[in-house]
Amino acid sequence: MLGRGGRHTFGAVVVACAVSIVGLAAPVAAHATTAPARQFALIVKLQPNSGPAAAAVLRAAGVSPLRAAGAATIEIAPATYLVRASGSDASSAARTLARQPGVAYAEPNQIYRAEAARVVPNDPCYTNCAQGSQWYLTSDRATNAWGVTRGSADITVAVLDTGVKVHPDLSGKITNGPNYANPDDFCGTVGEIDHGTLVAGIIGARTGNAAGIAGLGWNTHILSVGVLNAKGCGTTSSIVQGLRYAADRHARVINMSLGGPPSQAVGDAVRYAQAHGALVVAAAGNEGWTFPEYPAAYDGVLAVAATTHTDHIATFSNRGSWVDIAAPGVDILSTTLAGNVATYAELDGTSFSAPQVSATAALLLAANPCISSADIATRLEATARALPGGGVQSGILDAGHALTPPVRGFRVAAADGGVFSSGGVCYYGSAATVGLRSPVVGMTSTTTDTGYWLVASDGGVFSFGNARFAGAAASLPLVKPIVAMQATPSGRGYWLVASDGGVFSYGDARFFGSTGNLHLTRPVLGMAVTPTGRGYWLVASDGGIFAFGDARFFGSTGALALVSPITGMTAAPDGRGYLLVGGDGGVFAFGAAMFHGSAVAAPGAPFTTSIAMTHTGRGYWILHADGSVRAFGDATPYGPVPARGAVTIVAARSG
């Protein structure tokens, strides 16, 4: 695409000429110039339940399925075929085909190209690489990230590219998948580029081996899938097949340092990969413009721009509201081959920015195996450094900040027993299929966050993960329903509290008092525990606070005329204060608890049900009944959860 030495076009989209087909023994050639029509390769997707067999539908539409040498029809995805059609140009042929009965859509088998700019050979020297040439690792704050994790060989990043060649600095780090690229595809490049090996080295070069370069992903494993040929050219069909293959092999991250025009088939394949839990990362492109590039511009794909040594967006880099994040993309040193000799080269391009984001995502997964792809993207964007002059939605990749402090999220419980996790907190089960006699009203987690309990209003307790069942109040003749639950700091016991302030203790939880024998003007609705476990607070719906054991009273809203009743309480990690939240999203801070904002909204907004403070005490999440979550202070905004009747939110205790 664009290099510092000039502009190079690596493959404008070809729609008015013959298109080479992946998997065929030879490309489909154009007819002679005197012929009234020319043949093109198209992607066609049939409508579900279209009736006749696929071949019959295609024949009725006037096209013939293409076949790989000695193989069956090329079905690149379910009900999606590579076909041959005739017309004046590929676009008009696709439009004609799309109008036929039984056809969902048709489009040209378009050309994609590697987002690389130039390759400059460089001598492999570990000292020089680590202290000088790999400047981008300093920009990424890689050493801070490695202080948390060095990655895991159990985490796989799929590199959809030209393939990865044998290189000693990649020894033992690569699994080679199929090659879907056609060697005859042409996209305007001159000569061969070792693009896939360069991308793979940035992610997974052997690190700490006193040779070569350091891969940002350290122990991260790479699945190489060929979707571009040696010239850096590929087609819609090769991209689709590569995406589906990587998703079916459970790649948690898919790196696509390539770009081209929009395609329904590629969009479908991206969504397929996302539905299988993969984070798709793509280069934004090197044209220096703001027009969307694909697959980077698809929803949910993390689009990556390139920055310079001075933390400004590179002149060649695409930018705009559709670009999510940036990473260094100038003078990026990585693995390559000169002929058959393993060496290293410096290069420019968003192709080499994207793998830094992919590698950081892999580190996040190693440290937080339960984190979702959406939460990874949120974390990377939320921790990005400022980009002077803008150009992307967030900023410049900061791997160190993304990993430190460790990611901490939350769980949400719904009245039907459903449990929803965000921010790397693991899911261990729910009571949604139990057939509850009473709604779930509370949840609390173990010290290690590897288990949790749910409590129903009838006092029934459900344990998951490493949470041990220590007793329940379901068999007791309760005067008032249970409304909340809290675990002891050891995780070996818990308290249940009823709406009359009655407290029931189980396991190593000690009883320090209750309001069960008092005449309350408003019902109790929540509870918070001191860090020592030798005391607790109860809160009523008017904001009245009752302190027991070593819990100190810091104030209440009991004497205030509240617009909406109090619905939740959360204590500061050091026990020197607490927050209350009202049904309208208003927040009240007492003691040393810090106020960072409220979720008060217009009338008719979702009712606020709960609040949870972060482990630092410098932020909190506010939960609404519809599952939407608002973040304040240092709480990461992970977004809503699909909970019906969300009742409580519990912040993670550990990373």
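The values are calculated or read from the model by the stated rules, or taken from the named source; none is laboratory data. All figures in this text were calculated on a predicted structure; none of them were measured in a lab. Positions of Cβ are backbone-derived with ideal geometry, glycine not excepted, and every protein chain shown enters the neighbour counts. All accessible areas refer to the heavy atoms of the entire protein, side chains included, with ligands and DNA or RNA removed. Shrake-Rupley method; radii C 1.70, N 1.55, O 1.52, S 1.80 Å.
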For the stretch 569-652, treating each Cα as an identical point scatterer without solvent, what Debye log10 I(q)/I(0) comes out at q = 0.20 1/Å?
-0.82
Where does each of 588-597, 458-467, 374-383, 156-165 land if you order them by average Cβ count within 10 Å, highest first?
156-165, 374-383, 458-467, 588-597
For the stretch 167-302, what percent of Cα pairs sit more than 17 Å apart?
61 percent
I'd like the carbon and sulfur percentage of the solvent accessible area for the chain, probe radius 1.4 Å, heavy atoms only, ligands and nucleic acids excluded.
54 percent
Counting only residues 5 or more places away or on other chains, whose amide H sits under 5 Å from the amide H of Val280 once H atoms are built in the peptide plane?
Ile254, Leu302
Based only on Cα atoms, what Rg/Rh ratio does the chain have, Rh being taken as Kirkwood's radius?
1.07
Farthest positive-ward along the chain dipole, Cα basis, beta-carbon charges - from Val647, Ala200, Ala374
Val647
The answer for the chain, accessible area per residue at 1.4 Å probe in Å², is 37 Å²
Cα Rg over Rh - the stretch 487-622, Kirkwood:
0.96
Got a sec to turn the phi values of the stretch 522-528 into Karplus ³J(HN,Hα) couplings, 6.51 cos²θ - 1.76 cosθ + 1.60 with θ = phi - 60°, whole Hz, x for Gly and Pro?
9, x, 6, 10, x, 8, 9
Put +1 on the Cβ of each Lys and Arg and -1 on the Cβ of each Asp and Glu in the chain; which of Ile43, Ala559, Gly188 then has its Cα farthest toward the positive end of the dipole?
Ala559
Residue-averaged [θ]222 nm for the chain, counting only DSSP H segments that reach four residues, each worth -39500 (n - 2.57):
-4000 deg cm²/dmol
